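Engineer: Dropping a structure here in structure tokens format, bear with me for questions.
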Amino acid sequence: MTESPKPLRVLIVDDEAPARSRLHDVLADCAQELPLEVAGDAASGRAALELLERVPCDVVLLDVRMPEMDGIELAHHLLKLDRPPAVIFATAYDVYALKAFEVNAVDYLLKPIRAARLKEALARVRTARPPRPETLRELQRAPRAHLSAQERGKIELIPIVDVVYLKAELKYLTVRTVKGEHLIEESLTRLEEEYAERFVRVHRNCLVARAAIRGFERTAKDGETHWVVLLNGIEEKLPVSRRQQHVVREFSR
């Protein structure tokens, strides 16, 4: 006797209550033909991450446009989970953006969502993989509002406005805030591209937030003088490499 497949556990993420209610109704229609259960809903990306840490899900129905953290950014953070769920985006984006979803083979539903289309998307979930980081970068229209680190089995969100500097160390990056440090696995070069307006490179392995720079100081070591960065909120001083000394001149104007 063949065992029935386990119900898909679905999480709804949308900042608008009527949209969440609508998805509950549409999923109830789908449940008549597909084994599924709604594990919960969330009105923000942060709430979704907190819920997923307690209740693992197979698939997240994710609104693209949300305040504070949009759906594309949340999908980035979901990849840090031990068992990342599949993602189905819900969007009212323009034609150009829809082409981006199609080209990158990311499943999406066009609002208002219809039961027949949702059933098709859910039927593919059991063989679907979470979107790849490079795919999400292609879809991303604005820099992420947060970085994320996996700490003590949880996803820790780090508001980008709190970051003082980013330093590459082996395969990890140290994310330094006034309150402490976090380790993440990301590319310093890619973060430099993503946050070009916010950070400046002072060394081959270090980006500093422009707003965190208090000034520069000339110091002597081993008979040679070099520049260091003085930072707001922390006493640590960061070396400026010879190649990046133009940064000192730019900030001194």
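The values are calculated or read from the model by the stated rules, or taken from the named source; none is laboratory data. Since the model is a prediction, treat every value here as computed from it, not as a measurement. All Cβ positions, glycine included, derive from the backbone under ideal geometry; neighbour counts span all protein chains shown.
Engineer: Going through region 166-194 one residue at a time, which ones are surrounded by 14 or more Cβ atoms within 10 Å (Cβ to Cβ) and either in the same structural domain as His76 (by TED's automatic domain parsing) or closer than 18 Å to Lys80 by Cα (or both)? Walk me through how you get there before you give the answer.
Structural biologist: Quick first cut of region 166-194, residues surrounded by 14 or more Cβ atoms within 10 Å (Cβ to Cβ) only: 166-168, 172-177, 182, 184, 186, 188, 191-192, 194.
Once the filter is applied, which keeps residues that are surrounded by 14 or more Cβ atoms within 10 Å (Cβ to Cβ) and either in the same structural domain as His76 (by TED's automatic domain parsing) or closer than 18 Å to Lys80 by Cα (or both), region 166-194 yields Tyr172, Leu173, Thr174, Val175, His182, Ile184, Glu186, Leu188, Leu191.
Engineer: Got a sec? Which of Glu197, Glu217, Glu193 is assigned to a strand (DSSP E or B) and acidic (Asp, Glu)?
Structural biologist: None of the others qualify; the one that does is Glu217.
Engineer: To continue, here is another question. Can you spot a residue in region 132-139 that is surrounded by 19 or more Cβ atoms within 10 Å (Cβ to Cβ) and either hydroxyl-bearing (Ser, Thr, Tyr) or under 17 Å from the mean Cα position of the chain (by Cα) (or both)?
Structural biologist: Pass one, region 132-139, residues surrounded by 19 or more Cβ atoms within 10 Å (Cβ to Cβ): 136, 139.
From the residues that got through so far, the ones that are either hydroxyl-bearing (Ser, Thr, Tyr) or under 17 Å from the mean Cα position of the chain (by Cα) (or both) too are 136, 139.
Within region 132-139, one or more residues are surrounded by 19 or more Cβ atoms within 10 Å (Cβ to Cβ) and either hydroxyl-bearing (Ser, Thr, Tyr) or under 17 Å from the mean Cα position of the chain (by Cα) (or both).
Engineer: Quick one: would you say Arg201 is under 24 Å from Leu147 (Cα atoms), surrounded by fewer than 18 Cβ atoms within 10 Å (Cβ to Cβ) and either assigned by TED's automatic domain parsing to the domain that holds Glu169 or at pLDDT 95 or above (or both)?
Structural biologist: Values: under 24 Å from Leu147 (Cα atoms): yes; surrounded by fewer than 18 Cβ atoms within 10 Å (Cβ to Cβ): no; either assigned by TED's automatic domain parsing to the domain that holds Glu169 or at pLDDT 95 or above (or both): yes.
When the stated conditions are applied, Arg201 does not pass them.
Engineer: If you don't mind, there's one more thing I want to ask. Just to be sure before I move on: is Leu238 within 22 Å of His76 (Cα to Cα) and outside the structural domain of His76 (by TED's automatic domain parsing) in the structure I sent? Show your work before the answer.
Structural biologist: Values: within 22 Å of His76 (Cα to Cα): no; outside the structural domain of His76 (by TED's automatic domain parsing): yes.
No: the conditions fail for Leu238.
Engineer: Need pairs with beta-carbon distance below 8 Å; first residue in the same structural domain as Leu110 (by TED's automatic domain parsing) and within region 11-31, second surrounded by fewer than 17 Cβ atoms within 10 Å (Cβ to Cβ) and of a type in the set (Asp, Glu); sequence gap 6+ or separate chains.
Structural biologist: From residues that are in the same structural domain as Leu110 (by TED's automatic domain parsing), the pairs are Ala31/Glu37.
Engineer: Within region 1-23, track down each residue that is farther than 19 Å from Ala92 by Cβ and at pLDDT 95 or above.
Structural biologist: Initially, region 1-23 is screened for residues farther than 19 Å from Ala92 by Cβ, giving 1-11.
Within region 1-23, Arg9, Val10, Leu11 qualify.
Engineer: With respect to Leu34, determine if the residue is touching a Leu at 6+ places or on another chain (Cβ under 6 Å) and more than 20 Å from Glu73 (Cα to Cα).
Structural biologist: On the way: touching a Leu at 6+ places or on another chain (Cβ under 6 Å): yes; more than 20 Å from Glu73 (Cα to Cα): yes.
It is true that Leu34 is touching a Leu at 6+ places or on another chain (Cβ under 6 Å) and more than 20 Å from Glu73 (Cα to Cα).
Engineer: Still on this structure, I have one more. Does Val202 qualify as being in a strand (DSSP E or B) and of a type in the set (A, V, I, L, M)? Spell out how you get there, then give the answer.
Structural biologist: Numbers: in a strand (DSSP E or B): yes; of a type in the set (A, V, I, L, M): yes.
Criteria met by Val202.
Engineer: Going through region 61-88 one residue at a time, which ones are of a type outside the set (Lys, Arg), in contact with a Gly (Cβ under 9 Å, 6 or more places away or on another chain) and not in a helix (DSSP H, G or I)?
Structural biologist: Across region 61-88, the qualifying residues are Leu62, Asp63, Val64, Met66, Glu68, Met69, Asp70, Asp82, Val87.
Engineer: Scan the strands (runs of 3 or more DSSP E) fully inside region 122-183 and keep the ones with 2 or more residues being under 20 Å from Arg204 (Cα atoms). Please lay out each step first, then the result.
Structural biologist: Working: elements: 146-151, 154-159, 163-169, 172-177.
Qualifying strands (runs of 3 or more DSSP E): 163-169, 172-177.
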